[in-house]
Amino acid sequence: MISTMKSTLSYLKKLELFKELDDHKDGQFFAVADQRVKNHLPQWISFSPNIFWLKHPEEDKNLEVFGNAVEFFLKQGICRSSTIYAIGGGATTDLAGFVAATIQRGVNWVAVPTTLLAMIDGSIGGKVAVNMPQGKNLVGAFHMPERVMICGDFLGTLSESEWVSGKGEVLKYAFLSREIHDLLLRKVPIEEIALACAQFKTEVVERDFHEKGERVFLNLGHTLGHAFEFTLKIPHGHAVAMGLRYLFKVMGNDDAFAEWEQLAKALQLPLEKLELGSYRNFDLKSFLDYLEQDKKKSGTSLRLVVVKSIGNCYVEEVAMKDFKAKICAHADFKNS
């Protein structure tokens with residue numbers, strides 16, 4: 001089965017979503033699901049024999065659990081005409097999508113994201129992967145979901161940490177899109193902002209599925225962000241918000257940093273938790289070593305996404321040694 005470069009994006013209320021799922025309960029319903037949302041799903045799903053439940057999705061996003069999931073679905077009789085539903089946050093959709101991409105050389109999958117981060121990022125775009133000890137998402141594939149079903153009612157189940165993580169990724173979109181930037185400053189309901197982010201990414205991915213052009217801009221803030229995520233053990237979107245902050249500071253982009261502060265306040269992000277000085281466990285050597293694992297590295301250079309103005313970004317190749325020197329010379333890193 002060949003993955004297409006398009007998926008259908010649907011916004012559903014909870015009752016509408018449940019009806020969609022109920023339409024499949026009499027057949028073979030296969031799913032990878034986060035155990036934490038079990039009580040927020042139709043009751044029949046709890047008793048379905050074909051659900052591969054994840055207790056700790058981020059920790060479970062590895063090759064061992066991937067192998068267990070593949071074996072589970074094969075034993076349950078999955079075939080090439082089957083569909084795997086991914087119900088949970090970004091780690092769940094990443095793992096489920098990778099299982100779908102590889103089992104029987106590829107089966108369809110449908111994403112049902114239950115966190116803000118997954119609704120605007122992880123479930124969209126067809127990048128599916130598992131983590132390795134050397135870094136995040138180092139083993140994976142491109143396999144577009146047949147459909148992404150966004151249900152804003154799940155947002156009421158989120159912890160404070162999950163909210164911050166989702167908002168950190170929203171912050172990135174505000175630099176890529178003037179429309180999202182303005183929605184954010186007008187403080188419209190988060191569901192409206194989430195849908196705008198999801199639509200923005202969907203359109204970018206349709207134009208550039210394999211990241212040969214503009215899709216690279218979606219990596220804004222992620223070079224430093226992934227390094228913060230790995231060294232500080234903080235949620236992805238939280239790390240992206242920090243990655244943006246320190247990219248602008250290290251590169252001396254004062255205008256972008258001023259925008260960052262305005263947008264972060266509009267999102268009611270905890271600014272003190274986005275400062276490096278708040279983390280006593282920060283290890284500069286581990287941070288710099290992790291940068292060497294960046295997937296956007298080209299030889300001895302990094303391909304950094306840089307903000308010129310809102311909605312206007314470009315890629316700048318920076319020598320790795322020069323970028324590391326800038327980091328080491330910056331007061332926030334020197335004093336950490």
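The values are calculated or read from the model by the stated rules, or taken from the named source; none is laboratory data. Given the structure is predicted, the values throughout are model-derived calculations rather than measurements. Methodologically, a virtual Cβ is constructed for each residue, glycine included, from the backbone with ideal geometry; neighbour enumeration extends over all protein chains shown.
Of the residues 61, 55, which single one is of a type in the set (Lys, Arg) and under 30 Å from residue 196 (Cα atoms)?
None of the other options fit; the residue is 61.
The condition of being out of contact with any Ser or Thr (no Cβ under 8 Å at 6 or more places or on another chain), of a type in the set (Val, Ile, Thr) and touching a residue at least 40 places away in the same chain (Cβ under 8 Å) holds for only one of 83, 102, 115, that being 83.
Residues to consider are 227, 194; find the one that is in contact with a strand residue (DSSP E or B) (Cβ under 8 Å, 6 or more places away or on another chain) and not hydroxyl-bearing (Ser, Thr, Tyr).
Of 227, 194, the one residue that is in contact with a strand residue (DSSP E or B) (Cβ under 8 Å, 6 or more places away or on another chain) and not hydroxyl-bearing (Ser, Thr, Tyr) is 194.
Sort out for me the helices (runs of 4 or more DSSP H) sitting completely within segment 49-126 that have 2 or more residues that are within 25 Å of residue 208 (Cα to Cα).
Ranges flagged: 90-102.
For segment 122-131, the criterion of being surrounded by fewer than 18 Cβ atoms within 10 Å (Cβ to Cβ), β-branched (Val, Ile, Thr), closer than 21 Å to residue 11 by Cα and in contact (Cβ under 8 Å) with a residue 60 or more places away in the chain is satisfied by no residue at all.
With respect to residue 193, is the statement that it is farther than 26 Å from residue 84 by Cβ, outside the structural domain of residue 273 (by TED's automatic domain parsing) and aliphatic (A, V, I, L, M) true?
yes
Of all the numbered requirements in (1) of a type in the set (Lys, Arg); (2) modelled with pLDDT of 95 or more; (3) over 17 Å from the mean Cα position of the chain (by Cα), residue 80 misses one, and that requirement is (2). Among the residues of segment 60-80, those identified as buried (at least 20 other Cβ atoms within 10 Å of the Cβ) and either of a type in the set (Lys, Arg) or within 13 Å of residue 28 (Cα to Cα) (or both) are 61, 73, 78.
Looking for whichever is assigned to a loop (DSSP other than H, G, I, E, B) and of a type in the set (D, E, K, R) here; the options are 280, 245. Which one fits? So the residue among 280, 245 that is assigned to a loop (DSSP other than H, G, I, E, B) and of a type in the set (D, E, K, R) is 280.
All of (1) among the small types (Gly, Ala, Ser); (2) touching a residue at least 12 places away in the same chain (Cβ under 8 Å); (3) out of contact with any Ser or Thr (no Cβ under 6 Å at 6 or more places or on another chain) hold for residue 213 with one exception: (2). Answer yes or no as to whether residue 87 is over 19 Å from the mean Cα position of the chain (by Cα) and aliphatic (A, V, I, L, M). It is false that residue 87 is over 19 Å from the mean Cα position of the chain (by Cα) and aliphatic (A, V, I, L, M).
Checking 157, 114, 83, 92 one by one, the residue that is out of contact with any helix residue (DSSP H, G or I) (no Cβ under 7 Å at 6 or more places or on another chain) and hydroxyl-bearing (Ser, Thr, Tyr) is 83 and no other. Selection over segment 300-330 of residues that are within 21 Å of residue 242 (Cβ to Cβ) and among the basic types (Lys, Arg) gives a count of 3. Looking for something buried (at least 22 other Cβ atoms within 10 Å of the Cβ) and in a helix (DSSP H, G or I) - is there at least one such residue anywhere in segment 138-156? Yes, the conditions are met somewhere in segment 138-156.
The number of residues in segment 249-272 that are under 24 Å from residue 304 (Cβ atoms) and either outside any loop (DSSP other than H, G, I, E, B) or of a type in the set (Phe, Trp, Tyr) (or both) comes to 14.
Looking only at residues of segment 43-59 that are surrounded by 12 or more Cβ atoms within 10 Å (Cβ to Cβ) and out of contact with any helix residue (DSSP H, G or I) (no Cβ under 6 Å at 6 or more places or on another chain), we find that the one that is farthest from residue 19 (Cα to Cα) is 56. Step by step: first the residues of segment 212-222, then only those that are surrounded by fewer than 22 Cβ atoms within 10 Å (Cβ to Cβ) and touching a helix residue (DSSP H, G or I) at 6+ places or on another chain (Cβ under 8 Å), then the one that is nearest to residue 320 (Cα to Cα). Which residue is that? Residue satisfying both the conditions and the ranking: 217. Listed conditions (1) surrounded by fewer than 16 Cβ atoms within 10 Å (Cβ to Cβ); (2) in contact (Cβ under 8 Å) with a residue 60 or more places away in the chain are all met by residue 316, apart from (2). Close Cβ contacts (under 6 Å, 6 or more residues apart or on different chains) running from residues in segment 193-208 that are in contact (Cβ under 8 Å) with a residue 24 or more places away in the chain to residues that are in a helix (DSSP H, G or I) and among the aromatic types (Phe, Trp, Tyr) comprise 197/173.
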